[in-house]
1. Enumerate the pairs (first residue in region 47-68 and more than 22 Å from Gly102 (Cα to Cα); second residue anywhere and basic (Lys, Arg) and at pLDDT below 85) with beta-carbon separation below 8 Å, excluding pairs fewer than 6 apart on the same chain, so at least 6 apart or on different chains.
2. Would you confirm whether or not region 177-196 contains a residue that is more than 19 Å from Pro77 (Cβ to Cβ), without any contact (Cβ under 8 Å) to a residue 12 or more places away in the chain and not β-branched (Val, Ile, Thr)?
3. Go through the residues of region 214-228 one by one and say whether even a single one is closer than 21 Å to Thr37 by Cα, of a type outside the set (Val, Ile, Thr), part of a helix (DSSP H, G or I) and in contact (Cβ under 8 Å) with a residue 24 or more places away in the chain.
4. Those residues that are in contact (Cβ under 8 Å) with a residue 40 or more places away in the chain and within 20 Å of Ala103 (Cα to Cα), I need them from region 130-150; list them, please.
5. Evaluate region 55-73: report whether one residue or more is of a type in the set (A, V, I, L, M), within 22 Å of the chain's Cα centre (by Cα), modelled with pLDDT under 70 and not in a helix (DSSP H, G or I).
6. Looking at region 69-107 only, could you name the residues that are under 19 Å from Phe173 (Cβ atoms), crowded, with 21+ Cβ neighbours inside 10 Å and of a type in the set (Val, Ile, Thr)?
Amino acid sequence: MSKGLKLFFGISYLIILTIFLYLIFSLVEISRLNDFTYYKELQSIIEGTIGKNFYLNLFLFFIFSIVWISLLGFGTPLLLISGILFGKWIGTSISVMSISVGALSLYVISNFFFQEIIFKTLNKNFYKYINLFQKNEFYYFFAFRLAGGLGIPFGIQNILPTIFNIKYSNYFFASFLGFIPIFFIWNSIGSGLNNYIKQSDNFSFLSLILTKDIYLPIILFIIILFISMIIKKKIFDKA
């Protein structure tokens, strides 16, 4: 494919990304974000809508997640939403699968259209890891995902392997397995938020934190954070 055609598709991709983000954020009533009754209303609407056609909504969320991640969307809000919509177990399952597919789609797009740009931009900071990943790309990319991407923003995490030229199959399965622990935690928090909004008449940060559905996932998150620090120190800092 010619450079001109690649440039055309690349620009088209960025335009679609901008339009998509605008449409998403235009649906949110920003002026009511500090109003607890707004979240009560949303919770009621969501529960009614999901209950009417659960499997259709599950499918729509699956497709939306793939598109969202493919367009460099943030991961954490999506995980909270999946927990709110479908609960921690189904939410974790659907988000792990859809975000893994979406991340792979973004990787394929980046590898095809933006490889040179990504290499020039990121190579200087991550060059030392190239030899590391070449030893066993599945193992090290799995460790990278399990460690939460070492604190790197999610969108960059997904395109970073472009400079390592990781195989698509290794990229997908390492992502899929590495995502599970942290995705379960965020979905659990989302499910806990949904239950709190449903059961509470007024918002209290203290009562929210002391809710079992919230503080247990937070404790697990702290444990995962320590594990990620150990992985970073034992594997990546020695590169």
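The values are calculated or read from the model by the stated rules, or taken from the named source; none is laboratory data. All values derive from a computational prediction rather than experimental measurement. Please note: Cβ atoms are built from the backbone with ideal geometry, for glycine as well, and neighbour counts cover all protein chains shown.
1. Listed pairs, sorted by first residue: Glu47/Lys198.
2. no
3. Initial filter on region 214-228 (closer than 21 Å to Thr37 by Cα): 214.
Keeping just the survivors that are of a type outside the set (Val, Ile, Thr) gives none.
No - not one qualifying residue is present in region 214-228.
4. Of all residues in region 130-150, those in contact (Cβ under 8 Å) with a residue 40 or more places away in the chain come to 131-132, 140, 143-144, 146-148, 150.
Of everything in region 130-150, those that are in contact (Cβ under 8 Å) with a residue 40 or more places away in the chain and within 20 Å of Ala103 (Cα to Cα) turn out to be Tyr140, Ala143, Phe144, Leu146, Ala147, Gly148, Leu150.
5. Going through region 55-73, the residues of a type in the set (A, V, I, L, M) turn out to be 56, 58, 60, 63, 66-67, 69, 71-72.
With the extra rule that they be within 22 Å of the chain's Cα centre (by Cα), the set shrinks to 56, 58, 60, 63, 66-67, 69, 71-72.
Add one more test, that the residue is modelled with pLDDT under 70, and what stays is none.
No, region 55-73 contains no residue that is of a type in the set (A, V, I, L, M), within 22 Å of the chain's Cα centre (by Cα), modelled with pLDDT under 70 and not in a helix (DSSP H, G or I).
6. Scanning region 69-107 gives Ile69, Thr92, Val96, Ile99.
Yes/no per residue for (1) part of a loop (DSSP other than H, G, I, E, B); (2) touching a strand residue (DSSP E or B) at 6+ places or on another chain (Cβ under 7 Å); (3) modelled with pLDDT under 85; (4) among the aliphatic types (A, V, I, L, M):
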residue: Leu17; (1), (2), (3), (4): no, no, yes, yes
residue: Glu47; (1), (2), (3), (4): no, no, yes, no
residue: Leu80; (1), (2), (3), (4): no, no, no, yes
residue: Gly91; (1), (2), (3), (4): no, no, no, no
